[in-house]
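The next block holds one structure in the form of C-alpha cells; read it before the comments.
The values are calculated or read from the model by the stated rules, or taken from the named source; none is laboratory data. What you see is a predicted model, and the numbers here were worked out from it, not measured in a lab. Quick reminder, even Gly has a Cβ in these numbers, built from the backbone with ideal geometry, and neighbours come from all protein chains shown.
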Amino acid sequence: MLLNMKPFLILYFTIMLHTLSAQRDTLIYIGDPMCSWCYGFGPELDKIKNAFPETTFEMVMGGLRAGGTETMMELKNFLKTHWMEVNHATGQRFNYAILEQSSVLYDTEPSCRAVLVAGEMAPSKKYDYFKSVQESFYFHNSLPNDDETYILLAQKAGIDPKTFAIKYRALQSKEKVYSEFELAQKMGVKGFPSLIAKIDGKLFLVTNGYQKAEGIITSLKNRGLK
C-alpha cells in the first residue's frame, strides 16, 4: 500500500536528523514493549531484519497505554485473553501471574521511555534492549513501573547504568517519548505492531498488525528492497 506522504514527512525529517543514512532504504518499526502482539511479532521481525541486513532499521515508540490508570488486575480478563491468543499464534512464552497484581498500573510510558533512552545512549543496542524489556515483563513479570528494572536491563546490555538512570528520570526524556507517541499518531498508525518501508524514496505500509515474516519478506523483495 502506497501511503499518503504528508503525515510521513514528519517521520522522514525526524530520521534525517538522527541518522546519516536517511537517504537509504529504511524499515521503520512502530511498536510498544508492553504490546502483546509486538511481543509475539518479535521472532518474525528478527527474520525480517536478518533478511535485509544492509537496510537501515528505525524504531518509533507507539505508547499503547501511556499514562494508563487501570491496574493489571482490573484488566486481567482482557489481557489474559489477548496473551493466550498471542501465545497460541506465535509460541511466545507468557507468565500470567502478574495479572493478579492489584497495585500495578498498566502504564506503557515508562517502558517506551526506557527504550528511547537506551537507543540514544547505544543506538546499535536499541532493538535488543526493546526485546529484553518485553521478556522481562511478559515472562519474568518485572513490574512495568519499576525504574530499577530498566536500569538493570541497561547494565546487562552494557549501557552505563548511572547515566541511563539520570537520563531515564529526566523530564526531557519523558517529553521526548510523548513526542514519539504523537509522531506515531500523526503517521496514521492504527495499531501495533506496524512496519513501514521507505524504498526508493517512497513509503509503504508493510503491515499493521501481526503477520508471519515469510509473506512480508516476499512483499519487500518484490518492491525492490535488498
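Name the residue, out of Asp107, Asp160, that is more than 17 Å from Met72 (Cβ to Cβ) and among the acidic types (Asp, Glu).
Every option except Asp160 fails the conditions.
Looking at the stretch 92-105, which of its residues are at pLDDT below 95 and buried (at least 19 other Cβ atoms within 10 Å of the Cβ)?
Scanning the stretch 92-105 gives Ile98, Leu99, Leu105.
Scan the stretch 1-56 residue by residue and report those that are of a type in the set (D, E, K, R), modelled with pLDDT of 50 or more and assigned to a helix (DSSP H, G or I).
Listed by number, the residues that qualify are Glu44, Asp46, Lys47, Lys49.
Determine, yes or no, whether Val117 is within 25 Å of Thr56 (Cβ to Cβ) and either of a type in the set (Lys, Arg) or touching a residue at least 12 places away in the same chain (Cβ under 8 Å) (or both).
Taking the combined requirement at face value, the residue satisfies it.
Every residue in the stretch 127-156 that is over 14 Å from the mean Cα position of the chain (by Cα) and of a type in the set (Lys, Arg), please.
Result: Lys156, single match.
Quick one: is Leu153 in contact (Cβ under 8 Å) with a residue 60 or more places away in the chain and in contact with a helix residue (DSSP H, G or I) (Cβ under 6 Å, 6 or more places away or on another chain)?
So Leu153 does not fit the description; no.
Name the residue that is modelled with the lowest pLDDT, counting only residues in the stretch 178-213 that are surrounded by fewer than 22 Cβ atoms within 10 Å (Cβ to Cβ), charged (D, E, K, R) and in contact with an Asp or Glu (Cβ under 9 Å, 6 or more places away or on another chain).
Taking the candidates together, the pick is Asp200.
Being hydroxyl-bearing (Ser, Thr, Tyr) and either closer than 21 Å to Met73 by Cβ or touching a strand residue (DSSP E or B) at 6+ places or on another chain (Cβ under 9 Å) (or both) is the filter here; which residues of the stretch 110-142 pass it?
Ser111, Tyr127, Ser136, Tyr138, Ser142
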